[in-house]
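For reference, the structure discussed in these notes is given below.
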Amino acid sequence: MIEQYDEKEGYCKMLGHFLTFDYCRSSNKGLPCSKILDCWFQHFPVQEFISNNYSEEEQKQIFQAPKLKILSLGEILEEAQERLKKQ
Ligand code: SF4
């Protein structure tokens, strides 16, 4: 049952306050927060929870590294020119 740990409470270092697990398991566009294993492993078998409730594809989405925005040299120059114009 996906709601079985919803009432558990923990401190979120990212948000700076206590919250319940139901937030953590749905805060990433309906999927769990990418930090879920680090934050909850001491409270209950969270890895097992993830394996039992999410497909491999969903797990890839949950734990994928944030995409870096890579700017081309042209974009960097354009942004620099814009900043200079404003000064
Ligand atoms: S899993 Fe994410 S939202 Fe939940 S406590 Fe950890 S950092 Fe905060």
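Cα extents of segment 9-86 along the three principal axes, largest first, in whole Å?
Here the spans come out as 55, 31, 19 Å, largest first.
Taking the simple approach of a point 7 Å from Cα along Cα-to-Cβ for both Asn28 and Tyr11, what is their distance in nm?
2.3
Taking the highest mean first, how do the peptides 45-51, 14-20 order by number of other beta carbon atoms within 10 angstrom per residue?
Top to bottom by mean Cβ count within 10 Å: 45-51, 14-20.
Among Pro32, Gln4, Met14, which residue has its Cα positioned farthest towards the positive end of the charge dipole of the chain, with +1 placed on the Cβ of Lys and Arg, -1 on the Cβ of Asp and Glu, and the dipole taken about the Cα centre?
Met14
Skipping prolines and chain starts, which residues have an amide H placed within reach, meaning under 5 Å, of the one on Ser26, given they are 5 or more residues away or on another chain?
Under 5 Å from the amide H of Ser26: Cys33.
Which lysines, if any, have their Cα less than 28 Å from the Cα of Lys60, not counting same-chain residues under 8 positions apart?
Lys60 reaches Lys8, Lys13, Lys29, Lys35, Lys69.
Please give me, ordered by residue number, the GluC sites (Glu not before Pro) of segment 1-33 that lie in loop per DSSP and have at most 10 other Cβ atoms within 10 Å.
Glu3, Glu7
Roughly how many debye, to the nearest 20, is the charge dipole of the chain about its Cα centre, given +1 on each Lys and Arg Cβ, -1 on each Asp and Glu Cβ, and no other charges?
500
In degrees from 0 to 90, rounded to the nearest 10, what is the angle of the helix 73-86 Cα long axis to the longest principal axis of the chain?
Rounded to the nearest ten degrees, it is 70.
Probe of 1.4 angstrom, ligands and nucleic acids ignored: what's the accessible area per residue over the chain, in square angstrom? Let's see the in-between values first.
Details: 7050 Å² over 87 residues.
Solvent-accessible surface per residue comes out at 81 Å².
Which residue fluctuates the most in the chain, going by a Gaussian network model with Cα springs under 10 Å, if the choices are Lys13, Lys35, Lys60?
Lys13
So if we plug the beta-carbon distance of Leu37 and Ala80 into 1/(1 + (r/R0)^6) with R0 = 41 Å, what FRET efficiency do we get, rounded to 0.05?
Rounded to the nearest 0.05, the efficiency is 0.50.
Treating cross-link reach as a plain straight distance, find the aspartates and glutamates whose alpha-carbon is under 14 Å from the alpha-carbon of Lys86, omitting any fewer than eight places away in the same chain.
Glu78
The values are calculated or read from the model by the stated rules, or taken from the named source; none is laboratory data. If you're wondering where the values come from, they're calculated on a predicted model, not measured in any experiment. Positions of Cβ are backbone-derived with ideal geometry, glycine not excepted, and every protein chain shown enters the neighbour counts. The protein model used for the area step is the full one, side chains on, heavy atoms only, and it has no ligands, DNA or RNA in it. Shrake-Rupley method; radii C 1.70, N 1.55, O 1.52, S 1.80 Å.
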